[in-house]
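These notes concern the structure reproduced below.
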């Protein structure tokens, strides 16, 4: 989503902070299922493709449906983006790790984050925990730890598991982009040479 915003610009689909806050409150009180049922009833197409593990996307779809009375899937197709005014070309390169290598790097990264003070950081943000930006992998697990629901050891395991699942969903999303170029993981120098060589061939 953020990559698309960078490459193609933001959409013109409306937003309403009051309606969004109301839906977020419904989600906190009743969970995702009622919102999914509403989405299924009002926009079966988006219901079938939405990531069920990403409540913010579900909330966004319901917000738009309630504001406009139209299907979110249809508005997404017809939205106008700043891409029409882009004066540059986009070339996408995705670094491809094998699964074992990727998961090992994720596990090591989580260990380093804990070592460098992630728990202390999350403690300092407790009063902001309802913000969407803090309902992400890493923060939400440590909030549960600080609330006494899990041990530190199980919390770290959970962060690693959820990060790996998130990475898997990212790869699935990236694979849908037929314009992207995949590069097998190697040294920075080697990957840089591959990218520059590919770009040079496109501008000949």
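When only residues in segment 29-48 that are touching a residue at least 24 places away in the same chain (Cβ under 8 Å) and assigned to a helix (DSSP H, G or I) count, which is surrounded by the fewest Cβ atoms within 10 Å (Cβ to Cβ)?
Once the filter is applied, the top-ranked residue is 45.
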Name the residues in segment 161-184 that are out of contact with any strand residue (DSSP E or B) (no Cβ under 7 Å at 6 or more places or on another chain) and modelled with pLDDT of 95 or more, would you?
161, 162, 163, 164
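Going by the conditions given, is residue 155 touching a helix residue (DSSP H, G or I) at 6+ places or on another chain (Cβ under 7 Å) and more than 21 Å from residue 56 (Cα to Cα)?
In short, yes.
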Of the residues 158, 189, 127, only one is within 24 Å of residue 93 (Cβ to Cβ) and either without any contact (Cβ under 8 Å) to a residue 24 or more places away in the chain or in contact with a strand residue (DSSP E or B) (Cβ under 7 Å, 6 or more places away or on another chain) (or both); which?
189
I'd like the full set of residues that are in a loop (DSSP other than H, G, I, E, B) and either in contact (Cβ under 8 Å) with a residue 40 or more places away in the chain or within 25 Å of residue 131 (Cα to Cα) (or both), limited to segment 49-69.
50, 51, 52, 53, 54
Looking at 131, 125, 171, which is the one that is closer than 27 Å to residue 3 by Cα and touching a helix residue (DSSP H, G or I) at 6+ places or on another chain (Cβ under 8 Å)?
125
Restricting the search to segment 62-90, which residues are modelled with pLDDT of 90 or more and either loosely packed, with under 13 Cβ neighbours inside 10 Å or within 30 Å of residue 160 (Cβ to Cβ) (or both)?
69
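The values are calculated or read from the model by the stated rules, or taken from the named source; none is laboratory data. Please read all numbers here as calculations on a predicted model, not as lab measurements. All Cβ positions, even for glycine, are placed from backbone atoms using ideal geometry, and neighbour counts span all protein chains on display.
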